[in-house]
1. Taking the highest mean first, how do the peptides 22-29, 47-54, 34-41, 75-82 order by number of other beta carbon atoms within 10 angstrom per residue?
2. Can you give the calculated 222 nm mean residue ellipticity of the chain, where each DSSP H run of n ≥ 4 adds -39,500 (n - 2.57) and the sum is split over every residue, rounded to the nearest 500 deg cm²/dmol?
3. I'd like to compare 127-136, 64-73: which one has the highest average count of other Cβ atoms within 10 Å, and what's the full order after that?
4. Can you give me the C-alpha center-to-center distance between region 95-114 and region 152-168, rounded to a whole angstrom?
5. Students often get this wrong, so try it: which of (1) 20.8, 66; (2) 17.2, 59; (3) 15.2, 52 is Rg and Dmax of the Cα atoms in Å as calculated from the structure shown?
6. Karplus couplings for region 99-108 from phi (6.51 cos²θ - 1.76 cosθ + 1.60, θ = phi - 60°), rounded to Hz, Gly and Pro as x?
7. Give me the dipole magnitude in Debye, nearest 20, for the chain about the Cα centre, with unit charges on the beta carbon: positive for Lys and Arg, negative for Asp and Glu.
8. Quote the charge dipole size of region 61-124 about the Cα centre in Debye, to the nearest 20; the model charges only the Cβ of Lys and Arg (+1) and of Asp and Glu (-1).
Amino acid sequence: ASDMAGEVGHVRLADDGPLGHGKRGSFEGFCSGGGIARLAEARALAAIQDGHPPAFCPTLAGLEAITAEAVGLAAREGDPLAQEIFETVGRSLGRGLAILVDVLNPECIVLGGIYGRQQALLEPLALAVLRAEAHPHALEACRVVPAGLGERVGDYAGLAVALAALEG
């Protein structure tokens, strides 16, 4: 009807959380690079004000420059706040995947973007939450895999749109 089928970024996973697509607590808000950065910014501000600055942002001046990549690196290096942020994101991702499995009953869910870049941090908790929350019968028929195109997926998507415009 409006070409918006499958736009799961707007699905609300929590009453509150990072802003994504104009909606707090949405899939996009928790599970995108920008959402992770906004979540990290809010938590880093509180930590700095409490006198416990995280490794990925030791001063207030660095708040707006926080990236999901920097938070992921800090998490892998043992920064407790960065690890907590990725635990929040992993739980949210698992909750969102469980919704998709229960509603759509897919054979496969392909995750790209931030999942591909931070899979080691996100996968264990996301899959644990998915197993705990999805209907077991639906889940046994579904695989969750990283996108095979990795960082090139946007390039291919752009080419597909251009080709479709030329053909049609």
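1. With the highest mean Cβ count within 10 Å placed first, the list reads 34-41, 22-29, 75-82, 47-54.
2. Result for the chain: -17500 deg cm²/dmol, rounded to the nearest 500.
3. Put in order of decreasing packing, that is 64-73, 127-136.
4. Centre-to-centre distance over Cα atoms comes out at 24 Å.
5. For Rg and Dmax of the Cα atoms in Å, the calculated option is (2).
6. Here the 3J(HN,Hα) series is 4, 4, 5, 5, 7, 9, 6, x, 7, 8 Hz.
7. 120 debye
8. My answer is approximately 100 debye.
Each reported figure results from applying straightforward, stated rules to the coordinates on display, with no laboratory input. If you're wondering where the values come from, they're calculated on a predicted model, not measured in any experiment. Ideal geometry is used to build each Cβ from the backbone, glycine not excepted, and the neighbour counts take in all protein chains shown.
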